[in-house]
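Have a look at the structure below before the remarks.
The values are calculated or read from the model by the stated rules, or taken from the named source; none is laboratory data. Values in this document were obtained by computation on a predicted structure and should not be read as measured data. Cβ atoms come from the backbone with ideal geometry, glycine included; neighbour counts cover every protein chain shown.
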């Protein structure tokens, strides 16, 4: 793991300095993503706090929906693999 280093960011005009082991480019890409989402969601809102809260809720919703979909797909794959294993065991018994 890389040694933590300081990365300077500006999001919606607010300067932020963080220490992280991630690459500066990666952290800046996260900040750019948040800023883009915030600009989309906060067009009619004046409060920076409100805009960032809406952005956090929107990104969290996306995360939860993605997790739910992954869980659903993992269950489907698991069921299919279980059925395949059962079929293979039956075929082996018949041979």
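Can you find, within region 5-48, the residue that is surrounded by the most Cβ atoms within 10 Å (Cβ to Cβ) among those that are assigned to a loop (DSSP other than H, G, I, E, B) and under 22 Å from the mean Cα position of the chain (by Cα)?
Among them, the one singled out is 42.
With respect to residue 84, determine if the residue is assigned to a helix (DSSP H, G or I), modelled with pLDDT under 90 and surrounded by 10 or more Cβ atoms within 10 Å (Cβ to Cβ).
So residue 84 passes the test.
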